[in-house]
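The values are calculated or read from the model by the stated rules, or taken from the named source; none is laboratory data. In this text the structure is predicted, and so the values were computed from the model without any measurement. Don't worry about glycine lacking a Cβ; one is built from the backbone with ideal geometry, like all the others, and counts go over all protein chains shown. Each accessible area value is taken on the protein alone, full model and side chains, heavy atoms only, with ligands, DNA and RNA left out. Shrake-Rupley method; radii C 1.70, N 1.55, O 1.52, S 1.80 Å.
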Amino acid sequence: MKRANKSVPVEKISFADHNLLKNLCGEHDKHLKFIQNLEPVNLKAWGNHISISGKDSSILKISTMLQQLYSIMEKGWQIHSSDIDYAHRILSEDITFELSRIFLDTVFISSKKRIITPKSIAQKLYIEYMRNFDMVFAIGPAGTGKTYLAMAMAVSYLLEKKVERIILARPAVEAGERLGFLPGDLAEKVNPYLRPLYDALYDMIDLERATTLIKKGLIEVAPLAFMRGRTLNDAFVILDEAQNTTSEQMKMFLTRLGFGSKAIITGDITQVDLPADKVSGLVEAETILKKAQRIRFVRFSEIDVVRHPLVQDIIKAYARLDKERRDNSKK
């Protein structure tokens with residue numbers, strides 16, 4: 001490592017392919033400017049080189065990240081600012097992590113030709129669990145990709161004929177699916193609660209094909225109450241917003257699993273909308289099933305949020321508020 005002066009360390013990295021380096025830097029060096037907002041470093045590109053100045057720890061992280069991203073680009077990957085953000089988060093958590101394990105792990109290619117891959121270490125673990133275990137619980141805040149990745153995996157399994165159908169379920173209303181209190185016919189009653197599942201589905205498959213699969217019964221989107229009394233064989237089943245299931249509803253759902261099926265249960269236990277006297281089925285399931293050898297739990301945090309960066313800050317702020325309230329209640 002070279003030093004520009006006695007106080008500021010500087011490292012120069014050289015890259016063989018000038019065109020790839022230009023793409024890594026971004027138009028008008030926008031990617032380098034983006035990195036400077038993520039980490040206290042100064043970056044300068046010239047010729048086939050990038051110089052990095054700042055603290056030793058920051059230089060190591062950014063140097064590692066740039067070289068790994070360049071290597072991924074050599075394999076055909078197009079880098080976007082969001083990828084840089086994810087890469088920075090991952091290496092901030094574990095500087096030794098190989099980014100290619102995440103960025104080159106294609107889960108599914110959507111109808112919009114967007115490659116769906118994991119964006120964090122927890123997401124990578126989640127995908128590996130879904131591939132290797134028949135029941136996986138994903139618990140964490142909104143925006144961490146719990147439902148989206150499960151949907152991508154389900155569509156992939158259906159199209160590859162690893163399962164015969166997809167079943168997507170949600171508690172229809174917060175306080176126990178009281179559908180009778182809602183106006184209109186059944187579709188009008190449940191659609192507002194199932195809309196997020198449809199949105200994720202239509203992001204994977206074009207509308208016409210998805211509609212055809214739904215009409216044929218190969219994809220079913222239904223309120224949780226519709227699972228009662230059924231045995232779900234050769235199906236990829238996703239229960240979304242599971243924090244709003246009661247203990248009885250969760251037990252009913254989990255015991256529907258048949259041969260050749262997978263069940264993915266997602267939810268955010270900080271957003272339980274049940275009455276105060278009701279125990280969340282998701283919270284209870286984690287307590288009683290976390291030691292089961294053939295069931296896996298994945299915990300997500302604000303680090304795994306893949307929405308607008310502000311969502312991370314909002315989740316952190318509310319987490320601090322919850323902690324302060326808990327601490328005050330103990331006094």
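Answer yes or no as to whether residue 231 is open to solvent by 20 Å² or more (accessible area, probe 1.4 Å) and hydroxyl-bearing (Ser, Thr, Tyr).
yes
Quick check on residue 47: is it crowded, with 16+ Cβ neighbours inside 10 Å and either closer than 30 Å to residue 311 by Cβ or over 23 Å from the mean Cα position of the chain (by Cα) (or both)?
no
For segment 119-132, enumerate the residues that are at pLDDT below 90 and either open to solvent by less than 10 Å² (accessible area, probe 1.4 Å) or over 13 Å from the mean Cα position of the chain (by Cα) (or both).
If the condition is that a residue be at pLDDT below 90 and either open to solvent by less than 10 Å² (accessible area, probe 1.4 Å) or over 13 Å from the mean Cα position of the chain (by Cα) (or both), then 120 is the only one that fits.
Does segment 301-315 hold any residues that are in a loop (DSSP other than H, G, I, E, B) and at pLDDT 75 or above, and which are they?
Once the filter is applied, which keeps residues that are in a loop (DSSP other than H, G, I, E, B) and at pLDDT 75 or above, segment 301-315 yields 301, 305, 306.
From the list 262, 278, pick out the single residue that is farther than 30 Å from residue 117 by Cα, surrounded by 15 or more Cβ atoms within 10 Å (Cβ to Cβ) and not aliphatic (A, V, I, L, M).
278
Could you check segment 136-171 and list, in sequence order, the residues that are assigned to a strand (DSSP E or B), open to solvent by 20 Å² or more (accessible area, probe 1.4 Å) and more than 22 Å from residue 305 (Cα to Cα)?
Across segment 136-171, the qualifying residue is only 165.
So which residues in segment 234-272 are more than 22 Å from residue 199 (Cβ to Cβ) and aliphatic (A, V, I, L, M), if there are any at all?
Listed by number, the residues that qualify are 250, 252, 254, 257, 269, 272.
Considering only segment 288-306, I want to know if a residue exists there that is among the charged types (D, E, K, R), under 17 Å from the mean Cα position of the chain (by Cα) and open to solvent by 80 Å² or more (accessible area, probe 1.4 Å).
Yes, because at least one residue in segment 288-306 is among the charged types (D, E, K, R), under 17 Å from the mean Cα position of the chain (by Cα) and open to solvent by 80 Å² or more (accessible area, probe 1.4 Å).
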